[in-house]
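Step one of this worksheet: look at the structure below.
The values are calculated or read from the model by the stated rules, or taken from the named source; none is laboratory data. What you see is a predicted model; the values in this text were computed from it and never measured. Glycine also receives a Cβ, built like all others from the backbone with ideal geometry; neighbour counts cover every protein chain displayed.
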Amino acid sequence: MTWRPALRTAVAGMMTVLTLGGLTAARGDAVARDDCTATPEGAKAEWGAPIWCEDFEDQLDRSDWWVYDSAGHAGKGRRLPGQAFIGDGALYLYGTAEGDTAGISTRYVQSHGRWEARIRLYKGAGSYHPVALLWPQQGGGGVDSATGEEIAFLEVIDDPERRRPNLFMKTPEGGKEGVSGQLDMTEYHTYAVENTPEGVVGYIDGQEWFRSSNPTQSPMAACLQLDWFPDGKDRGDAWMEVDWLRIYPKPTTS
């Protein structure tokens with residue numbers, strides 16, 4: 001695997017930089033899509049056909065996505081459209097040592113259902129936290145969601161080797177729950193979450209690894225972010241690669 005400056009040169013050479021609009025666009029106006037492949041590599045086949053999907057085969061449709069153009073997490077660094085790339089059938093988010101990083105969010109939102117993404121990470125700065133999360137539609141580029149709810153179904157914290165996946169969630173009542181594991185995330189893995197009125201279940205490669213009886217209630221958007229936490233940490237660069245994203249309707253039974 002190619003690393004650091006050589007990786008950026010190779011990736012940027014084959015990719016299209018995302019140039020979509022920033023955080024001023026309204027969320028929640030995207031509709032279900034009818035062009036979804038039900039079972040790409042790594043997907044949970046028993047979940048059936050998704051209601052919404054993205055394979056990152058071409059430039060993102062601005063009616064389905066926005067790309068962050070804002071201050072970074074906690075106001076540190078910047079989230080810039082020029083740090084997100086599409087190429088070779090994948091999305092790449094790149095963060096520099098100076099804190100220029102990237103994030104994108106679906107416009108499609110739903111309160112309950114299932115979300116699933118296939119992700120590969122690269123060894124890089126521990127100051128960068130790769131995150132795949134659900135955030136209420138008023139959230140996204142800011143620090144806290146408007147309702148206090150959040151489900152990060154993958155978050156990597158202070159881990160330059162990319163070996164410790166975490167799931168972290170916050171409920172409207174102020175509760176916090178989570179779990180940590182051990183996994184070589186420099187290989188592709190599928191991360192998923194089910195949120196129903198009965199509770200939240202997290203999965204890695206189709207295997208349950210988290211369960212809570214405290215669901216969130218707000219309409220949620222899927223967000224893919226590379227967040228910068230620079231204080232007292234390695235300030236090198238980092239990459240996050242996403243093969244595909246699937247969103248499924250609420251199951252009839254949990």
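Numbers below:
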| read-out | value |
| --- | --- |
| Matching residues, the range 172-210, being over 19 Å from residue 156 (Cα atoms) and either part of a strand (DSSP E or B) or aromatic (Phe, Trp, Tyr) (or both) | 194, 195, 196, 199, 200 |
| Test result for residue 125, in contact with a helix residue (DSSP H, G or I) (Cβ under 6 Å, 6 or more places away or on another chain) and within 12 Å of residue 227 (Cα to Cα) | no |
| Test: residue in the range 142-152 that is of a type outside the set (D, E, K, R), outside any loop (DSSP other than H, G, I, E, B) and assigned by TED's automatic domain parsing to the domain that holds residue 183 | yes |
| From the options 208, 155, 198, 194, residue that is acidic (Asp, Glu) and within 29 Å of residue 75 (Cα to Cα) | 155 |
| Count of residues meeting criterion [of a type in the set (A, V, I, L, M, F, W, C) and within 22 Å of residue 182 (Cβ to Cβ)] in the range 206-254 | 8 |
| Scan of the range 205-229 for residues that are within 19 Å of residue 170 (Cβ to Cβ) and either among the hydroxyl-bearing types (Ser, Thr, Tyr) or without any contact (Cβ under 8 Å) to a residue 40 or more places away in the chain (or both), ordered by number | 211, 212, 213, 216, 218 |
| Any chance residue 118 is touching a Leu at 6+ places or on another chain (Cβ under 9 Å), assigned by TED's automatic domain parsing to the domain that holds residue 187 and of a type in the set (Lys, Arg) | no |
| Within the range 208-236, considering residues that are surrounded by fewer than 23 Cβ atoms within 10 Å (Cβ to Cβ) and more than 18 Å from residue 151 (Cβ to Cβ), the one modelled with the lowest pLDDT | 232 |
| Members of the range 192-211 found to be farther than 18 Å from residue 112 by Cβ and in contact with a Phe, Trp or Tyr (Cβ under 9 Å, 6 or more places away or on another chain), listed by number | 204, 205, 209 |
| Residue within the range 129-141 that is outside any strand (DSSP E or B), modelled with pLDDT of 95 or more and farther than 21 Å from residue 92 by Cα present | no |
| The range 45-103, residues that are in a strand (DSSP E or B), of a type in the set (S, T, N, Q) and buried (at least 19 other Cβ atoms within 10 Å of the Cβ) | 101 |
